[in-house]
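Asks: I have a structure here, written as structure tokens, and I will follow up with some questions on it.
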Amino acid sequence: MNVLQKLQTIGAVFTEKHFVYTSGKHGSGYINMDMLFPHTQLVAELCRELAAPFAGSFDTVAAPATGGIVLAVLTANETGANGVWADKDGDGGFVFERAGFMQQVAGKQVLVVEDLLTTGGSVEKVCREVEKAGGTVVGASVVCNRGGVTAEDLHVPRLEQLASVQFNANDPADCPECKARAPIVEDMGHGDDYKKEHPDYVGGYVTLQGA
């Protein structure tokens, strides 16, 4: 399956715009995974692909909330495993806080899944929470790696990806789009946060949802 082509077909890939990423850096490309989830048959297909390299090696599928919740549940459903997710703790971390979730991690072989890797920070934190809970991370499997993240970056034995893409990311002071006064997309990525901090940005702001 050409996953990137599938994402482009459903309108999830954006280029030649001006985005603010989670890291605070700016770039001209973005993949909006929210547009994937209404396509339930495609999501189920992708979940089978996420699990395939790790077949027979895990008991539980875990993911960071919120983007990974659907993937954790459907990947578990496709493989007969249990699915859990770690919620944000309000301090930049993640925690397995829902009833019964810790029991599905402790002493288990755990596959961590995610839709999109940029820096890998969320996945890495969930992997550490799995270990703190007494589980063993067998690896991570993601739909798209857009940041060149490696297994070594995540401190996991194995990282699989269904697609990879590289978008340039620049500090605002070095951003070509800022210098060109290109409007910032405020309804994807962290453009809305940037707008709150920089309401007078000379290029203005634009929305793309529903466009």
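The values are calculated or read from the model by the stated rules, or taken from the named source; none is laboratory data. These figures come from a predicted structure and were not determined experimentally. Using ideal geometry, Cβ is built from the backbone for each residue, glycine included, and neighbour counts are taken over all protein chains shown. Quick note on the areas: whole protein, heavy atoms, side chains included, nothing else; ligands and nucleic acids left out. Shrake-Rupley method; radii C 1.70, N 1.55, O 1.52, S 1.80 Å.
Asks: How large is the convex hull of the Cα atoms of the range 119-211 per residue, expressed in Å³ as a whole number?
Replies: 147
Asks: Per-residue counts of other Cβ atoms within 10 Å, averaged by peptide: what ranking do you get for 44-55, 75-86, highest first?
Replies: Going from most to least packed, we get 75-86, 44-55.
Asks: Per residue, what accessible area does the range 71-204 have, given a 1.4 Å probe and all protein chains present, in Å²?
Replies: 49
Asks: What residue among Thr60, Thr150, Thr15 shows peak mean-square fluctuation when the chain is described by a Gaussian network model with Cα springs under 10 Å?
Replies: Highest fluctuation among the options: Thr15.
Asks: Still on this model: Take the Cα coordinates of the range 1-84, assign each an equal point scatterer, and use the Debye formula without solvent to give log10 I(q)/I(0) at q = 0.13, 0.17, 0.23 Å⁻¹.
Replies: -0.50, -0.78, -1.10
Asks: For Thr207, what is the net charge nearby, where nearby means another residue's Cβ is under 10 Å from its Cβ and Lys, Arg count +1, Asp, Glu -1?
Replies: For residues surrounding Thr207, the net value is -3.
Asks: Same structure, new question: Would you tally the net charge around Gly121, using a Cβ to Cβ cut-off of less than 15 Å, leaving Gly121 out, and scoring K and R as +1, D and E as -1?
Replies: -3
Asks: Order of 98-105, 67-74, 127-134 by packing, highest average Cβ count within 10 Å first?
Replies: Result, highest mean first: 67-74, 127-134, 98-105.
Asks: Report the label-to-label distance for Lys195 and Ala151 in nanometres (one decimal), using points 7 Å from each Cα along the Cα→Cβ vector.
Replies: Once both label points are built, they end up 4.2 nm from each other.
Asks: Also: Ranked by accessible surface with a 1.4 Å probe, highest first, in what order do His18, His190 come?
Replies: Sorted by accessible area, descending: His190, His18.
Asks: Can I ask one more? Which three extents, in angstrom, do the Cα atoms of the range 88-157 have along their principal axes, listed largest first?
Replies: 33, 27, 18
Asks: Give the residue from Pro183, Gly135, His155 lying farthest towards the positive end of the charge dipole for the range 120-202; charges sit on Cβ (+1 for Lys and Arg, -1 for Asp and Glu) and the dipole is referred to the Cα centre.
Replies: It is Gly135.
Asks: Where the centroid of each part is defined by its Cα atoms, how far is the range 170-185 from the range 133-167 in Å?
Replies: Each part reduced to its Cα centre gives a spacing of 29 Å.
Asks: In sequence order, what are the phi-derived ³J(HN,Hα) couplings for the range 167-178 according to the Karplus relation 6.51 cos²θ - 1.76 cosθ + 1.60 with θ = phi - 60°, rounded to whole Hz, with x for glycine and proline?
Replies: Ordered by residue, 3J(HN,Hα) equals 10, 5, 10, 10, 4, x, 5, 10, 6, x, 5, 5 Hz.
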